[in-house]
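These notes concern the structure reproduced below.
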Amino acid sequence: MSTPPPQPQRAAWLGFAPVAAWVALRWVLSWLDERQPPPAAWALAPFTGTQDPWAWLRPLGGVMAALLVLALLARRLQRRHGAGLLGRMLAVAWVALWLVACAAQLMAWQNRRQLAPQPPLLAEPIGRHAQPPSLRSLGGTLWVLRVAGQADLQQVLVPDGTGATPLQLHQPLRLHWARGRWHGRYVTGWDMLQPAP
C-alpha cells in the first residue's frame, strides 16, 4: 500500500503543474503553427482614437477592490471554518484559474484557424500610423478605414513584410474579411479599386 505524498510535495505539484500545463499547451500550439501556418488574417476592430493616459486607473481600482473583498471573505472563512478549508478552496481556485487560461488559449487558437469568409466590403483608408513591435504585437502599420455602410471607423494592424498589396490613403478598396469561429472579424486581403472620376 502506497503512502500519500507529503504536504510540501503536494503543494509544489499544485503550485507548478497547472502553470506547466499552460506553458506546454502554448508550446504545442506554437509548434502546430510552425508546421502549418494559420491563414493570413489581421484583426478588424472599431477605431479607438486617442488613448486616455489615465484609463488604467479604473480597472486597477476595480481589481484592488475585488482583492480586498476576497481577502475579507477569506479571513472570515478562516475564522469560521479553519485554515484547512480555506487552503483547499484556494487550491481549487488556483487550478480552475489555469484550466480556464488553457481553455481560453485553445479557443483563441481555433478561432483564427477556422475563419468563415464573408461578402467583401467597400472601404477607404483615411489614416495610418506606424506601430513599433512590442510584447503584445509584431508591429507594422495601423490603418484607419471608413467602411461603407458602417457608422464607426475601423482599424486594422498590418504587420510589415506580409507581401500584401500596399494600401494607399484615400484610394477605395474591396475589403475581404471573415468571421472567427466564435468571435471577432478579420481582414484576409483587399483589392485596390480605381477612384471614381
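General observations
- Considering only alpha-carbon pairs that sit under 8 angstrom and 6 or more positions apart, the relative contact order computed for the chain is 25 percent.
- Length-normalised contact order for the stretch 83-197 - Cα pairs under 8 Å, 6+ apart - percent: 25 percent
- Angle between the chain longest axis and helix 57-81 axis [Cα atoms, degrees, rounded to 10]: 20 degrees
- Evaluated over the Cα positions of the chain, the convex hull gives a direction-averaged projected area, one quarter of its surface, of 17.5 nm².
- 11 Å beta-carbon shell around residue 120, net charge (K/R +1, D/E -1): 0
- Gain in span if fully extended, residue 94 to residue 153, counting 0.36 nm per residue against the direct Cα distance: 17.2 nm
- The alpha carbons of the stretch 116-197 occupy a box of 43, 30, 26 Å along the principal axes, longest dimension given first.
- Cα-centre dipole for the stretch 102-196 with unit charges at Cβ (Lys and Arg positive, Asp and Glu negative), debye to 20: 320 debye
- Largest GNM mean-square fluctuation across 177, 56, 22, computed for the chain with C-alpha springs under 10 Å, falls on 56.
- Per residue accessible area of the stretch 77-130, 1.4 Å probe, in Å²: 68 Å²
- Crossing angle, helix 7-35 versus the chain [Cα axis fit, 0-90 degrees, rounded to tens]: 20 degrees
- With 0.36 nm allotted per residue and the present C-alpha distance subtracted, the residue 168-residue 111 stretch has 17.6 nm of extension available.
- Among 108, 165, 84 the positive-end extreme of the charge dipole of the chain (Cβ point charges): 84
- Ordering 94, 27, 190 by accessible surface, largest first, gives 27, 94, 190; the 1.4 Å probe counts only protein heavy atoms, with every chain in place.
- Considering all C-alpha pairs of the stretch 29-120, those separated by over 24 Å amount to 57%.
- Point-charge dipole on Cβ atoms (K/R +1, D/E -1) for the stretch 79-150, about Cα centre, debye to 20: 360 debye
- Charge dipole of the chain about the Cα centre (unit charges at C-beta), most positive-ward option of 180, 9, 55: 9
- Each Lys and Arg contributes +1 and each Asp and Glu -1, all at the Cβ; summed about the Cα centre of the chain, the dipole is approximately 980 debye.
- Considering only 120, 172, 133, the Gaussian network model of the chain with Cα springs below 10 Å gives its largest mean-square fluctuation to 133.
- Relative to the longest principal axis of the Cα atoms of the chain, the long axis of helix 83-113 makes an angle of roughly 20 degrees.
- Each of residue 63 and residue 31 was given a label point 7 Å from its Cα along the Cα-to-Cβ line. The distance between the two points is 3.2 nm.
- Carbon/sulfur fraction of accessible area - the chain, other protein chains in place, 1.4 Å, %: 65 percent
The values are calculated or read from the model by the stated rules, or taken from the named source; none is laboratory data. Since this is a predicted model, take the numbers as computed values, not measurements. Ideal geometry is used to build each Cβ from the backbone, glycine not excepted, and the neighbour counts take in all protein chains shown. What goes into the accessible areas is simple: the full protein's heavy atoms, side chains included, and nothing from ligands, DNA or RNA. Shrake-Rupley method; radii C 1.70, N 1.55, O 1.52, S 1.80 Å.
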